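Have a look at the structure below, then the notes.
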């Protein structure tokens, strides 16, 4: 029972707060990394709503789909009020290369509906498109023991589809964005404390004969989860993000932006193969809307034997 509670507390901490959106944190306790030579499939769906008022250039909308990845949707230019609904579908696949290393891929499709009210009246538009395909690796760096566990992850955008504000045509880029990050956590039964940091860097790409560089960002996120019982875990955390402005033809498109979000969630251990997680993210500072998401993860093949996690620290 203790092993099950600890495992599920970690599922809560890293599985359903949008900071972790369940699947990208490379944990080495039972059930977190894919077992060696085993596969896991994931299906995530996220909904975001934002409203901007009194803007001359609408800020892009960001929907978090994984530990440190965001789907970004450009908004209208020269409007007085923008209201948007966005749904992002994110299927993924994971493979356990060894006990310490996991390979994964994740793609995203989005549907965005925007209503605009300006000085010249109202307008609306809907956009449905493929967004991106990311490939990554999770690897254990330090086992939990006398010190907290340390885990690293690296991702690269195999394909990204970019759309500029005010434009109707999108264009694909290949291998022009990357992300590197790490997570540390400590188990204090039945609570898990964790901290994630990640940095995304974007290279220049040409879109519609224009030079475009999406803004790099730094992400920091502390979180805590509590195993209520062997089936339910509750989680709460903060997400702070520092995003540089997009650059278009050598000109900054906005200011340097910082924001702080509150993450709340619940994870449900459906059965030995499946975990269902529900998460929400609401903005505390910096302007923005709210996200709500759900992720289902399923283990394929023969289930590995259970093993007890690393050292547990008692109060």
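The values are calculated or read from the model by the stated rules, or taken from the named source; none is laboratory data. Model, not experiment: these values are computed from the prediction. Quick reminder, even Gly has a Cβ in these numbers, built from the backbone with ideal geometry, and neighbours come from all protein chains shown.
When restricted to residues that are touching a residue at least 60 places away in the same chain (Cβ under 8 Å) and not in a strand (DSSP E or B), segment 100-135 contains 1. For segment 136-151, the count of residues that are assigned to a strand (DSSP E or B) and under 30 Å from residue 81 (Cβ atoms) is zero. Residues in segment 294-309 that are surrounded by 16 or more Cβ atoms within 10 Å (Cβ to Cβ), in a loop (DSSP other than H, G, I, E, B) and at pLDDT 60 or above: 1 in all.
Conditions (1) modelled with pLDDT of 90 or more; (2) farther than 23 Å from residue 49 by Cβ; (3) part of a strand (DSSP E or B), marked per residue:
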| position | (1), (2), (3) |
| --- | --- |
| 222 | yes, yes, yes |
| 225 | no, yes, yes |
| 235 | yes, no, yes |
| 241 | yes, no, yes |
| 245 | no, yes, no |
| 262 | yes, no, yes |
| 267 | no, yes, yes |
| 281 | no, no, yes |
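Residues in segment 198-215 that are surrounded by fewer than 16 Cβ atoms within 10 Å (Cβ to Cβ) and touching a residue at least 24 places away in the same chain (Cβ under 8 Å) were compared, and the one that is nearest to residue 238 (Cα to Cα) is 201.
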